[in-house]
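Each reported figure results from applying straightforward, stated rules to the coordinates on display, with no laboratory input. This one's a predicted model, so the numbers in the text were calculated from it and none came from an experiment. With ideal geometry, Cβ positions are generated from the backbone for all residues, glycine too; neighbour counts draw on all protein chains shown.
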Amino acid sequence: MRCALPLAALVLYALLLNYFAVRPVLVHAAVVEGLLTAFTPILIVWGAILLFNTMEHWGAVATVWQWLNGITTNRVAI
C-alpha cells in the first residue's frame, strides 16, 4: 500500500474540483502550499547533513570536539 497517500490526495483533488466546485486556482494554491510546507523540514535536515558532511570532510568536526572538550571535563555536559 505504498500508493495510499498519493491516491487519497488525487481523490481529494478530484472531489474539490468536481463535487465541491472549488475554483481550480484555490486548489492549485493549496497543493503548492502543502508541498512547500512538507519540503521545509526536509530541506532543513538535508542542509544540516550537508553542513555536517562538509565539516567532517574539512576537519572542522575535530576542531569543534577539541573546543567542546576544552570547556569542561564533565562528559555529561558534552
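One line per residue, one yes/no per condition, for (1) exposed (fewer than 11 other Cβ atoms within 10 Å of the Cβ); (2) of a type in the set (D, E, K, R):
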position: C3; (1), (2): yes, no
position: A8; (1), (2): yes, no
position: Y13; (1), (2): no, no
position: L17; (1), (2): no, no
position: A30; (1), (2): no, no
position: E33; (1), (2): yes, yes
position: V45; (1), (2): yes, no
position: A48; (1), (2): yes, no
position: T54; (1), (2): no, no
* Selection from the stretch 56-78 of residues that are surrounded by 10 or more Cβ atoms within 10 Å (Cβ to Cβ) and of a type in the set (V, I, T) -> V61, T63, V64, T72, I78
